[in-house]
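Below you'll find the structure, written out as structure tokens, and then a few comments.
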Amino acid sequence: MYAPAGVKTHADFPVPATMKAWVLGDPDELTLVDKPVPVPRRAEVLVRIDAVAICATDLEIMHYGSPALIQGGPPFNKNFTPGHEYMGTVAALGPGVDEYAIGQRVTVEIHAGCGQCKRCREGMYTACHNYGLNYGDVDKGHRANGFTTDGGFCEYQVNNINTLVAIPDTMSDEEATLVVTAGTAMYGLTELGGLVAGEAVAVLGPGPIGLLGVAVAKALGASPVILTGTRDNRLQIGRELGADHVVNVRKENAVEAVRRITGGKGVDYVLECSGAADAVNEAGRMVNRGGRICLAAFPHEQVPVDVAHLVRNNIYLYGIRGEGKSATHRAEAFMSQKRFDARRIHTHTFALADLPTAIRYARERIDDAIKVVVKARAAAAHKVAAE
Ligand SMILES: [Zn+2]
Ligand SMILES: [Zn+2]
């Protein structure tokens, strides 16, 4: 049984000594193995993982390696468990932890910064200067589960208490896995200025972050909110999440459409979630003078940018990473208060044992998959109907 020294457990939540965990071998090669259940240290808890969503960044990591950084290098063949958008139940407490209780349901954000660098001290812990320096004699205390430390495609994981977000019983496991995605959208809008009530916002790209970007912008009072994309079914979900206008860029020029909808003025903010090669230039022509563009996605190749246009028009460009400044807590508040229904983007649930199938659904967008969730205790072998 699991009884590490200094760790508090509870008879109602027995923890086994070992667990099932998926590990990354060569690129795109996952194997289900037994691993010891990890041990929480000071300011950490052990989370029993109840559900984990697959993110496009997981697919990126498993294929290319970056932005994961394990022991200072690529994550392949290092017994590394990916997965970062998970939720679960607190199962054990590290020494001194009284902020959370065993049995409490939580969802997680990803980055536990080192807490001592300049950016962490500013609340920008997703831009921690000690990113990935958490092994051997370079242990700076930074953790980003699923990126620089083991993640959530397993049964248990250790989390710093700063990465936990308490959730109400009215929120399902599947919905709780989406808090971090909404948190990323929230962080982007916060970095753009935050007070977007009455301001015009364009969201480019109806992926999970773009769709929840629409929902969060609308919940913050932005008006109008315009969503652009290539697929009508995704744009329709955007409408249901609050988009005032949707533009299918296969049918209409996105810049002209945004200019038309805003009476020629352009929008005040652009949330770029498409990663399309020309997105920065398009965003620069949608936004009005002095406007702000948040980059939450990126193309793989280097792209030319019309810098002169940005400079002449005093346009601000923000790159954002993850969900800093406790944005997940604000996202969770919106979701638990039912300001928007994030469940609209959850499409499939599989058992943890069926992770490779779940990944195939997410990668190939089989059956219009958007957010695919894996559950440790779901019935094996078959997908469960989405909520
Ligand atoms: Zn993610
Ligand atoms: Zn730091």
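With +1 assigned to the C-beta of every Lys and Arg and -1 to the C-beta of every Asp and Glu, and no other charges, what is the dipole magnitude of segment 35-106 about the Cα centre in debye, to the nearest 20? Write down the numbers at each step before the final one.
Working: 6 positive and 7 negative charges, 55 e Å.
With only Lys, Arg, Asp and Glu charged at Cβ, the dipole is about 260 debye.
Placing +1 at every Lys and Arg Cβ and -1 at every Asp and Glu Cβ, with all other atoms neutral, what dipole size does segment 8-54 have around its Cα centre, in debye to the nearest 20?
380 debye
Taking segment 230-337 on its own, what percent of its Cα-Cα pair distances exceed 23 Å? Mind dumping the intermediate values first?
Numbers: 2052 of 5778 pairs.
Counting pairs separated by more than 23 Å, the tail of P(r) holds 36 percent.
Of Cys294, Cys55, Cys120, which is the most mobile in a GNM of the chain whose springs link Cα atoms less than 10 angstrom apart?
Evaluated over the chain, the most mobile residue of the options is Cys120.
In nm, give the distance between the simple-model label positions of Asp26 and Arg260, each being 7 Å from the Cα along the Cα-to-Cβ direction.
For the pair Asp26/Arg260, the computed spacing is 5.1 nm.
Exactly which chymotrypsin sites (Phe, Trp or Tyr not before Pro) in segment 256-325 are in a DSSP loop and have at most 12 other Cβ atoms within 10 Å? Walk me through the numbers on the way to the answer.
Values: sites: Tyr269, Tyr316, Tyr318; in loops: none.
Those that pass, being in a loop and sparsely packed, number zero.
I need Ile359, Ile54 ordered by Cβ neighbour count within 10 Å, fewest first. Each step should come with its number before you reach the end.
Values: Ile359 22, Ile54 28.
Ascending number of Cβ neighbours within 10 Å: Ile359, Ile54.
Could you list which residues have their amide H under 5 Å from that of Gln104, counting only those 5 or more apart in sequence or on another chain, with H placed in the peptide plane?
Placed amide hydrogens put Val90 under 5 Å from Gln104.
Please list the non-local residues whose amide H lies under 5 Å from the amide H of Ala144, H modeled 1.01 Å from N, same-chain partners needing a gap of 5 or more.
When sequence neighbours closer than 5 places are left aside, the close amide H contacts are Ala112, Thr149.
By how many degrees, between 0 and 90 and to the nearest 10, does the Cα long axis of helix 355-364 differ from the longest principal axis of the chain?
It works out to around 10 degrees.
Of the options Val7, Ser223, Ala176, report the single residue whose Cα projects farthest towards the positive end of the charge dipole of the chain (beta-carbon charges: Lys, Arg +1; Asp, Glu -1).
Ser223
Grab the other residues whose beta carbon is less than 15 angstrom from that of Ile61, score K and R as +1, D and E as -1, and report the net.
Values: positive: Lys78, Arg321, Arg363; negative: Asp26, Asp28, Glu29, Asp58, Glu60, Glu85, Asp150.
Around Ile61, the surrounding residues sum to -4.
Considering the convex hull of the alpha carbon atoms of segment 264-387, report its projected area averaged over all viewing directions, in nm², one decimal.
Working: hull surface 42.9 nm².
The Cα convex hull of segment 264-387, projected and averaged over all directions, gives 10.7 nm².
How compact is segment 1-151 by the rule of thumb for globular proteins, expressed as Cα Rg over 2.2 N^0.38 Å? Show your work: numbers first, answer last.
Details: Rg = 15.5 Å, N = 151, 2.2 N^0.38 = 14.8 Å.
Cα-based Rg divided by the globular estimate yields 1.05.
For segment 81-225, what is the convex hull volume of its Cα atoms per residue in Å³? It would help to have the intermediate numbers written out before the result.
Working: hull volume 19.9 nm³, N = 145.
Convex hull of Cα atoms, per residue: 137 Å³.
Which GluC sites (Glu not before Pro) does segment 253-360 hold that lie in a coil by DSSP with at most 11 other beta carbons within 10 Å?
Working: sites: Glu256, Glu272, Glu282, Glu301, Glu323, Glu332; in loops: Glu301, Glu323.
Filter output for segment 253-360: Glu301.
Given labels modelled 7 Å from the Cα in the Cβ direction, how far is it in nm from Ile366 to Val303?
The two pseudo-label positions are separated by 3.0 nm.
For segment 329-345, in order, what is each residue's ³J(HN,Hα) by Karplus, 6.51 cos²θ - 1.76 cosθ + 1.60 with θ = phi - 60°, in whole Hz (x at glycine and Pro)?
3J(HN,Hα) across segment 329-345, in whole Hz: 5, 5, 5, 4, 4, 4, 5, 6, 8, 6, 6, 7, 10, 4, 4, 4, 9.
So what's the projected area for the chain, the Cα convex hull averaged over all directions, in nm²? List each step's numbers first, then the result.
On the way: hull surface 74.7 nm².
Seen from a random direction, the Cα hull of the chain projects 18.7 nm² on average.
Kindly put Tyr125, Tyr100, Tyr86 in sequence by how many other C-beta atoms sit within 10 Å of each C-beta, fewest to most.
Working: Tyr125 27, Tyr100 16, Tyr86 30.
Ordered by Cβ neighbours within 10 Å, fewest first: Tyr100, Tyr125, Tyr86.
Which order results if Phe153, Phe334, Phe147, Phe298 are arranged by neighbouring Cβ count within 10 Å, fewest first? Walk me through the numbers on the way to the answer.
On the way: Phe153 30, Phe334 19, Phe147 25, Phe298 14.
Lowest count first: Phe298, Phe334, Phe147, Phe153.
Based on the Cα gyration tensor of segment 1-85, what are the three equivalent ellipsoid semi-axes, each the root of five times an eigenvalue, rounded to whole Å and given largest first? Don't skip to the answer; put the middle values down first.
Working: eigenvalues 149, 36, 33 Å².
Its equivalent ellipsoid spans semi-axes of 27, 13, 13 Å.
Note the angle between two axes, namely the Cα long axis of helix 208-219 and the longest principal axis of the Cα atoms of the chain, as a number of degrees from 0 to 90, rounded to the nearest 10.
That helix lies at roughly 70 degrees to the long axis.
In the structure displayed, which of Lys218/Lys338; Lys78/Lys140; Lys8/Lys140; Lys35/Lys78; Lys78/Lys371; Lys20/Lys78 lie more than 18 Å apart, Cα to Cα?
Lys78/Lys140; Lys8/Lys140; Lys78/Lys371
Calculate one ³J(HN,Hα) per residue across segment 256-264 by plugging θ = phi - 60° into the Karplus curve 6.51 cos²θ - 1.76 cosθ + 1.60, and present them in order as whole Hz with x for glycine and proline.
Using θ = phi - 60°, the values come out as 4, 4, 5, 5, 5, 4, 9, x, x Hz.
Segment 1-72: which GluC sites (Glu not before Pro) are DSSP loop and have at most 14 other beta-carbon atoms within 10 angstrom? Each step should come with its number before you reach the end.
Numbers: sites: Glu29, Glu44, Glu60; in loops: Glu29.
Qualifying residues, ordered by number: Glu29.
Every read-out reported here was derived from the displayed coordinates using simple, explicitly stated rules and does not represent laboratory data. Computed from a predicted structure; not experimentally measured. No Cβ is skipped: glycine too gets one built from the backbone with ideal geometry, and neighbour counts run over all protein chains shown.
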